[in-house]
Amino acid sequence: MTERRPSWAEQLKARHGGPVRKIALDAGSGCPNREGLLRGGCLFCDERGGGSGAFLRGLSLADQIRSGLHVARRRFGTDRVILYFQSYSATNVPLETFRATLGEALILAEEEGASVVGLSVGTRPDLVPDAVLDLLSFWTQKGLEVWLELGVQTLDEKGLLFLRRGHDGASSLDACRRARHRNLKVCAHLIAGLPGEKPHQLALSAERLFREGVAGFKFHPLHVLKGTALELLYKGGTFQPLTLEVYVDRVVLALEALPDEIEIQRLTADAREPHLVAPGWIAEKPRFLRALADRLDAPLSPLIRPLNPEEIADAAALVRETFLAEVAPLFPEEGIETFLSFVDEEALAGRLASGHLLFAAVRKGRRTGVAELTPSGHLALLFVDLSDSRRGTGRALVEAVRESALSLEARPETITVNASPNAAAFYRRQGFVACGEERERQGIRYRPMALSLTGPPLC
């Protein structure tokens, strides 16, 4: 059973000495991707701009703060609050207007007797100039916990185009870097269920953002709200939302890729009638939580992704350490020297640059496995960190290699591997067959094996 990750409420309580609640605020800031407040916008966004619609209903900031504080006191017994500018894009106003709005909200909350422990600002990645980040940094220096909530949604460029976001993935990464340099906490909003996306895209985006210093995430399934462009696609039969089971699988893969200290502020969307069109399971949060708990009790797979050039040194160290512990005792000195020269940093970097595919397995923010596939379909290496052995990481790497081999320009009929003596049994379990007896070359002991991609094994 997987050890339970602390909830965000628990993390806030530990930091601030008691329960903390968010008060969602709508200042009617609009969005550059909309025509006014009522029309246009991203494919999934309704007229409320991802929030409560309080501004459209004529509620002032004072009204919203008073109502939110009443709920915090009555339902949760706390005055500790984070003021959350949720709706639309909160920074879609002149800097001085934004500064004044933050100041007004803090004063209003203080007048109502609230203990404001933080600010949270929701906006787009392309709407955070340095001056805005400097202003938010000022409030961190005043002792507030400040979160910049970025609507990243995905780092897949095709997905961003489908969603009509109007920005690219580079904008999100740039905003995260600039926020990190000011010690601001970033919470990235990510969506799963875009048409054509790979099952690991949510995890891939989350893990990449984690490497840019993102401290928290909100996960959402792409869902259909009334009055959105997505509703037209859904009713026209060209969009189908994820099932509960598939969405849970994608969230679990993302959670397994991220360290436990990452703060997960939301695991699913919060929408109900009359606004929600589909899928209906979103309105059944207890059902979702039960499905998630059951899935977390099952064996979990790592994220498998391409290895980046800047990770070569760490990958070489992982391969070297695992080889010396597990394989080197089976080789003569010549074989050890031959293999270590094959996997040094310069050699790995050279092969990556020449078109070899290198893969990383990631669990809890750590690389725990490495594999390499040549353009001709040879599995040149596969190593799993000893701390992650017997957890399915090797199997996941083989599957990623197999899928990649099928998409090679010169698609091979088989994947070949020269299995070390103590790895042959593992490869047999993955479907490889032996293509001869054990051999030795330059001190390297191996058995040639092959996995057919097209039919009967070819050796």
* Give the longest segment of the chain that steers clear of GluC sites (Glu not before Pro) in DSSP loops with at most 10 neighbouring Cβ atoms within 10 Å, not counting the sites themselves. => 4-408
* To do: Using only Cα atoms, tell me the angle between helix 333-342 and the longest principal axis of the chain; keep it within 0 to 90° and round to the nearest 10.
  => 40 degrees
* Out of all DSSP beta bridges with both ends in the chain, state the antiparallel percent to the nearest 5. => 50 percent
* Positive-pole candidate from L379, A317, P329, dipole of the stretch 303-452, charges at beta carbon -> L379
* Asked: A423's amide H: which non-local residues (gap 5+, or another chain) put their own amide H closer than 5 Å, with H modeled 1.01 Å from N in plane and none for Pro or chain starts?
  -> none
* **Under the Karplus curve 6.51 cos²θ - 1.76 cosθ + 1.60, θ = phi - 60°, whole-Hz ³J(HN,Hα) for the stretch 195-208, x wherever Gly or Pro sits** => x, x, 6, 6, x, 9, 5, 4, 5, 4, 5, 4, 5, 5
* Where does the stretch 8-296 land on Rg/Rh, using Cα atoms and the Kirkwood Rh? -> 0.94
* Rule-of-thumb Rg ratio for the stretch 108-179 [Cα; 2.2 N^0.38 Å; N residues] -> 1.34
* Asked: Looking only at trypsin sites (Lys or Arg not before Pro) in DSSP loops with at most 13 other Cβ atoms within 10 Å, what is the longest site-free stretch of the chain?
  -> 273-389
* **Rounded to whole Hz, the Karplus (6.51, -1.76, 1.60) HN-Hα couplings of the stretch 177-185, x for glycine and proline** => 4, 5, 5, 4, 5, 9, 6, 8, 7
* What is the extension gain from F426 to S354, computed as 0.36 nm multiplied by their sequence separation minus the C-alpha to C-alpha distance, in nm to one decimal? -> 23.0 nm
* Cα-centred dipole magnitude for the chain, charges only on beta-carbon of K, R (+1) and D, E (-1), debye, nearest 20 -> 1380 debye
* To do: Just need the Rg to Rh number for the stretch 303-452, please, alpha carbons only, Kirkwood Rh.
  => 0.93
* Asked: What is the gain in length, in nm to one decimal, between L386 and T454 on full extension, counting 0.36 nm per residue of separation less the C-alpha to C-alpha distance?
  -> 21.2 nm
* To do: Note down the relative contact order for the stretch 303-415 as a percent, whole number, built from C-alpha pairs under 8 angstrom at least six residues apart.
  => 26 percent
* Charges only on Cβ, +1 for Lys and Arg, -1 for Asp and Glu: so what's the dipole of the stretch 211-343 about the Cα centre, in debye to the nearest 20? -> 1140 debye
* For the stretch 346-396, what is the relative contact order in percent, using Cα pairs closer than 8 Å and at least 6 residues apart in sequence? -> 25 percent
* Asked: Per the helix-only calculation at 222 nm, which mean residue ellipticity applies to the chain, given -39500 (n - 2.57) for every DSSP H run of n ≥ 4 and division by its residues, nearest 500 deg cm²/dmol?
  -> -11500 deg cm²/dmol
* Any idea what the relative contact order of the chain is, in percent, if you count C-alpha pairs under 8 Å spaced at least 6 apart? -> 10 percent
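Taken together, the values in this text are just the output of simple stated rules run on the coordinates, not laboratory data. Everything numeric in this text was worked out from a predicted model, so none of it was measured. Neighbour counts are summed over all protein chains in view; Cβ atoms, including those assigned to glycine, are modelled from backbone coordinates with ideal geometry.
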